[in-house]
Amino acid sequence: RVGDEKDPDEADTVGAITLRKEHIKVDGDMLHFDFLGKDSVRWEKSVKAPQAVIQNIAHYANTSKEYLFEGVDSKKVSRFLSQKMPGLTAKVFRTWRCTKTVKEELSKSPLTKEDPIYLKKFYAKMANLKVAEVANHKRKISAKFEERLAKKEEKLNEMKKQLKQKKAEGKKTVSLETRIEKKKRDIELTKRTKEYNLGTSLKSYIDPMAYVHWARRVDFDLEKFYPKTLRSKFSWALQGKTAEDETECLVA
């Protein structure tokens, strides 16, 4: 985020234009960031940068009185972006980046119309997770996370034992095998989303048409993916009936 939109009573969280020199360190051609971002989530990352960027950051760090980028505020950022493209704002830019990411992830899925619903939902959520990772939408890990995960793994082990017994008895196992595969995906998703909040990007930063176009290709009912509140919010996108009804999403 830009960084100067927070309320005065919020914690010492920062964004791009409210970074201070203690939040960034220069080491050769690497920039090391460490600060509290939105919702007090720690943002710690190292990136390789062009020499011109390294020199500018070092200069600002040595000359700034408070913020690294003195004199820059959200209005100036919006004005700069709108000069590059009419209507472009920081929020629109984030939406573009997140929507581009989800489209790329969905395009990688090997799904067909014949695949089961649980598998389609899994890939939809994994694409959502990738966006949460890109946007750094983290959350506080639940104190009961390990307990819930252990229960799921225990259930999976029980089903595996049942499968072994049924095979030994010569009984049909198709239904049980499907349940086992479904539980495996559930456990994988639980582990992968441990510290990430998928709801933030799904609600505010992913153009729903990206999911609509994909869902039509693989014959997936998005009511099984979007929660009720978002189905209402995005009804304009989700209620399209035919290909002719489609409008292009933010990322073509």
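Quick note: the coordinates plus some simple rules give every number you see, no bench work behind them. Owing to the predicted nature of the structure, the values given are computational and were not obtained by experimental measurement. Reconstructed Cβ throughout: ideal geometry from the backbone, glycine too, with neighbour counts over all protein chains shown.
Highest mobility in the GNM of the chain, judged by mean-square fluctuation with C-alpha springs under 10 Å and restricted to ASN62, ASN197, ASN136, is found for ASN62. For region 16-82, a crude dipole built from +1 on the beta carbon of Lys and Arg and -1 on the beta carbon of Asp and Glu, taken about the Cα centre, is about 220 debye to the nearest 20.
Among the listed pairs LYS130/LYS164; LYS113/LYS191; LYS21/LYS140; LYS103/LYS184; LYS21/LYS233, which are separated by more than 32 Å between their Cα atoms? Please report the intermediate quantities before stating the final value.
Details: LYS130/LYS164 36 Å; LYS113/LYS191 27 Å; LYS21/LYS140 27 Å; LYS103/LYS184 25 Å; LYS21/LYS233 41 Å.
Listed pairs above 32 Å: LYS130/LYS164; LYS21/LYS233.
Does region 119-252 classify as rounded, prolate or oblate by the C-alpha gyration tensor (a ≥ b ≥ c root eigenvalues; a/c under 1.5 gives rounded; else a/b over b/c gives prolate, otherwise oblate)? Judged from the Cα gyration tensor, region 119-252 comes out oblate (a/c at least 1.5, b/c at or above a/b).
With the cut-off at 25 Å, tell me which of the pairs LYS25/LYS75; LYS38/LYS100; LYS144/LYS182; LYS151/LYS194; LYS100/LYS182; LYS172/LYS194 have Cα atoms farther apart than that. From LYS25/LYS75; LYS38/LYS100; LYS144/LYS182; LYS151/LYS194; LYS100/LYS182; LYS172/LYS194, over 25 Å: LYS25/LYS75; LYS100/LYS182; LYS172/LYS194. Counting Cα-Cα pairs of region 16-82 in 5 Å increments starting at 0 gives whole-percent bin shares of 3, 16, 22, 23, 22, 11, 1. The Rg/Rh ratio for the chain, using Cα coordinates for both the radius of gyration and the Kirkwood hydrodynamic radius, is 1.06.
Among PRO116, PRO50, PRO227, the largest mean-square fluctuation in a Gaussian network model of the chain (Cα springs under 10 Å) belongs to PRO50. Applying both filters, DSSP loop and at most 12 other Cβ atoms within 10 Å, to the trypsin sites (Lys or Arg not before Pro) of region 49-158 gives LYS65, LYS113, LYS140, LYS144. Each of THR112, THR101 was scored by other Cβ atoms within 10 Å of its Cβ. Arranged with the fewest first, they read THR112, THR101.
All C-alpha to C-alpha distances of region 140-195, sorted into 5 Å bins beginning at zero, yield P(r) values of 4, 19, 25, 18, 13, 9, 6, 3, 1, 0 percent in whole numbers. Amide H to amide H distances under 5 Å link LEU36 with VAL14, TRP43, where only residues 5 or more positions off or on other chains count and H is placed in the peptide plane. Think of region 140-195 as having a plus end and a minus end, set by charges on the Cβ of Lys, Arg, Asp and Glu; of ILE187, GLN165, ALA150, GLN165 sits farthest toward the positive end of this dipole.
Look at the dipole of region 1-142 built from charges on Cβ: of VAL2, THR89, GLY28, the Cα furthest out on the positive end belongs to THR89.
Each residue of region 121-132 was assigned a 3J(HN,Hα) from its phi angle through the Karplus curve 6.51 cos²θ - 1.76 cosθ + 1.60 (θ = phi - 60°); the sequence is 5, 4, 5, 5, 6, 5, 5, 4, 4, 4, 5, 4 Hz, with glycine and proline shown as x.
Only counting other Cβ atoms within 10 Å, I'd like THR173, THR200, THR18, THR178 sorted with the fewest neighbours first.
On the way: THR173 16, THR200 19, THR18 23, THR178 12.
So the ranking, lowest neighbour count to highest, is THR178, THR173, THR200, THR18.
Between LYS228, LYS203, LYS182, the Gaussian network model of the chain with springs among Cα atoms under 10 angstrom shows the greatest mean-square fluctuation at LYS228.
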